[in-house]
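Below you'll find the structure, written out as structure tokens, and then a few comments.
The values are calculated or read from the model by the stated rules, or taken from the named source; none is laboratory data. This one's a predicted model, so the numbers in the text were calculated from it and none came from an experiment. Methodologically, a virtual Cβ is constructed for each residue, glycine included, from the backbone with ideal geometry; neighbour enumeration extends over all protein chains shown. We work out accessible area using only protein heavy atoms, side chains counted, and drop any ligands, DNA or RNA first. Shrake-Rupley method; radii C 1.70, N 1.55, O 1.52, S 1.80 Å.
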Amino acid sequence: MPNLRTSVALLLLLTVQLSFWTPGLSYEQLLTLSGYLAFNFMSITMVLAARPGWLEPPLGGLDSMYQLHKWTGILAVTFALTHWLIEMADDGLEALLGSDQSLKEADFSGLLDSLQDGAEDLGEPGLYLLAFLVVITLLRWVPYGYWRYLHRVMPLIYLALAAHAVLLAPLKWWQQPTGWLMVLLIVGGAVASLQSLTGQIGSSRRYKGLVQAVRQTSANITEVVCDMGKRWPGHQAGQFALVTFDRIEGAHPFSLAGADNDSGQLSFHIKALGDYTRKIPRKLRSGQAVTLEGPYGRFDPDSGRKNAQQIWVAGGIGITPFLAALENRLINFEQKHPAVTLHYCTAGAVDDPMLTRLQQLAEHLSGISLHVYDSLQGQRLTSNQLQIHDHKVDIWFCGPQGLAKALKSGLKQQSISLRFHQESFEFC
């Protein structure tokens, strides 16, 4: 299910679209309304896929944009299937609800008539392809390396369905707000599709550099240091980049492990969670080319509410953004920062390469209370161990989803003003 932020955004998008709709009850009303909503949500999905920078602040970061992208895609397919089912039941619905001739598709002749027939023929196979791609994306039936190539077909499907929508929509729509909204969204979706097909998505935020060092710090964690020179625009603690080591494999999101120090050297701690990340220690070499896109993200542990108790919770590789935040505090020691209680969950404290650095930073910084939980020793963090002592509490979380759910469930029992900050990507 979508989180609260995504649910509110979806409701707002649906409300705006319906505000442009002229209500009525007929077979054509149901048919055109379902098609209108399906294609509008499809257009919004394409726009979100283009990662426009201006949408990051209002939506709360790229991770929230991707969550919204996922659910607008689901709604697009849902309304498209509804549109198809209504068309299949045309005789029965027309007999039951009556007909509205003003909403009939435009009657063209000559070339436009041929184009209209072609656009109508594209509708059903386009729907099947769209539904197939959405299903395999949600169920993850296809490895990412293959899926990303399949997903590149999406802009072509969109453009085909755009022709279907434009040529089969009632003519009177184009003189009404209903059609004006569709035109606006079609233009946005078409531009995003062309950006995707030409490889221009994120191009203004791409930077080329070299891999400087590759160190396997533990059995399943590799530290990769990249030298981006002076081209890198800088980043904030808690942000991430889309990193491409292999053009065929494509970009993967990794958290930036250190604070920005204007040197152009960036480090990533990459955990072996899948086929690609397991190969990194063997495949990466010093001097190899790397492309970074970003920085992205709005996970800033130092931006909590004033006078709220600050609690940071990290699980495993999720300590990365907090290490960056602590390093940033060390660099900017003259600035005043609120006290923090940091809970770190690890699977083997003795061999944890990041625990030593974490303890060093905590020792050199005032106002940091560090608590470590080693699962190999049977230690588990629960909501009762968070040491909450204020009514207003900000919790910044980066770690396994199961731990997040357990903490949230336990915190529901407490009467506090709580904000639980968590990015929606799997890597964090």
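At-a-glance table
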item	result
Gaussian network model of the chain, springs between alpha carbon atoms under 10 Å - residue of Leu12, Leu381, Leu62 with greatest fluctuation	Leu12
5 angstrom amide H check on Cys345, placed H, neighbours 5+ away	Ala314, Gly315, Gly316, Tyr373
Cβ-derived FRET efficiency at R0 51 Å, Asn261 paired with Gln385, nearest 0.05	0.90
Using a Förster distance of 41 Å, the FRET efficiency for Ser415-Ala190 (Cβ separation, nearest 0.05)	0.20
Directionally averaged shadow of region 29-103, computed from the convex hull of its alpha-carbon atoms, nm²	5.8
Farthest positive-ward along the chain dipole, Cα basis, beta-carbon charges - from Leu11, Gly202, Leu284	Leu284
Estimated inter-spin distance, Leu197 and Leu85, nm [label 7 Å along Cα→Cβ]	3.2
Test item: Cα-centred dipole of the chain, Lys/Arg +1 and Asp/Glu -1 on Cβ, debye	1720
Dipole of region 143-271, positive end: most advanced residue of Ala251, Ala241, Ala162 [Cβ charges, Cα centre]	Ala162
Set of lysines with alpha-carbon distance to Lys412 below 17 Å, sequence-local pairs under 8 removed	Lys392
Measure of compaction for region 256-300 (Cα Rg per 2.2 N^0.38 Å)	1.35
Given charges at beta-carbon only (K, R positive; D, E negative), |dipole| of region 201-301 in Debye	300
Net lengthening on full extension, Gln176/Tyr128 (0.36 nm per residue, minus Cα-Cα)	14.2 nm
Ellipsoid semi-axes in whole angstrom, largest first, where each is sqrt(5λ) of the Cα gyration tensor of the chain	47, 25, 19
Solvent-accessible area, 1.4 Å probe, carbon plus sulfur percent, for the chain	58
Proximal lysines to Lys208, defined as alpha-carbon separation beneath 17 angstrom and excluding residues fewer than eight positions away on the same chain	Lys230
Degrees, to the nearest 10: 111-139 long Cα axis against longest axis of the chain	30
Karplus (6.51, -1.76, 1.60) ³J(HN,Hα), θ = phi - 60°, over region 51-57, in Hz, Gly and Pro reported as x	6, x, x, 5, 8, 4, x
Residue of Leu358, Leu326, Leu25 that the Gaussian network model of the chain assigns the largest fluctuation, springs spanning Cα pairs under 10 Å	Leu25
Helix 320-331 vs. the chain, principal-axis angle (Cα, 0 to 90°, nearest 10)	60
On Cα atoms only, tilt of 27-49 relative to the major axis of the chain in degrees	30
Ranking by accessible area, most exposed first, for Trp54, Trp180, Trp174, Trp21 with a 1.4 Å probe	Trp54, Trp180, Trp174, Trp21
Backbone HN-Hα couplings from phi across region 276-292 [Karplus 6.51/-1.76/1.60, Hz, Gly and Pro as x]	5, 5, 5, 7, 4, x, 7, 8, 7, 9, 4, x, 6, 5, 9, 10, 10
Value of relative contact order over the chain, rounded to a whole percent, pairs C-alpha under 8 Å and six or more apart	13
Residues whose placed amide H lies under 5 Å from that of Gly258, excluding near-sequence neighbours	Ser267
